[in-house]
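All of the numbers you see were taken from the coordinates with simple rules; none came from a lab. Since this is a predicted model, take the numbers as computed values, not measurements. Cβ placement follows ideal geometry from the backbone for every residue including glycine, while neighbour counts extend to all protein chains displayed.
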Amino acid sequence: MAINKNHPFEELSGVKCAVVEASVSQERVDFLRPLLELNGYEVIVAATPPPKAAAKPAAEEAAEAPAAIAPVLFTIGVTDVTFNATNAVFGRLLKTKEGKVVTQAYWLQKEAVSDDETPYYEKGHLFKR
């Protein structure tokens, strides 16, 4: 359930948590967990359940080739249910281990080092598709 679509929360491993990100890879978990813990949040990571699919008739299932193994995805949450990732990044509430403010590019892992000194519009190369 969510307060609104921008503030989701759910129960992860038996603990009510604000969802930071859902359906993320292990690499993303390895980046976000230490960052959030450094900023004083208790982080809970749980495997994301596979998406529900409509049941197929047995004849169709037998005819299909073996399906590729789906990657394991995770949901990252923090026990502080008031946490909102957008507010935390744009409100400049998160810090790196070097003591710098976490920028949007750093949060999205487009920069290896958080550079709050250079305005985002001078970093146009980071946000081109």
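In nm, give the distance between the simple-model label positions of Arg92 and Ile69, each being 7 Å from the Cα along the Cα-to-Cβ direction.
4.7 nm
Skipping prolines and chain starts, which residues have an amide H placed within reach, meaning under 5 Å, of the one on Lys95, given they are 5 or more residues away or on another chain?
It is Val102, by chain and number.
What length, rounded to one decimal in nm, is gained on full extension from Val81 through to Lys52, with 0.36 nm per residue of separation minus their alpha-carbon distance? Walk me through the numbers on the way to the answer.
Values: separation 29, 0.36 × 29 = 10.44 nm, distance 2.64 nm.
Result: 7.8 nm gained on full extension.
Among Ile69, Ile76, Ile44, which comes first, second and so on when ranked by fewest other beta-carbon atoms within 10 Å?
On the way: Ile69 6, Ile76 25, Ile44 21.
If I rank by nearby Cβ atoms, fewest first, I get Ile69, Ile44, Ile76.
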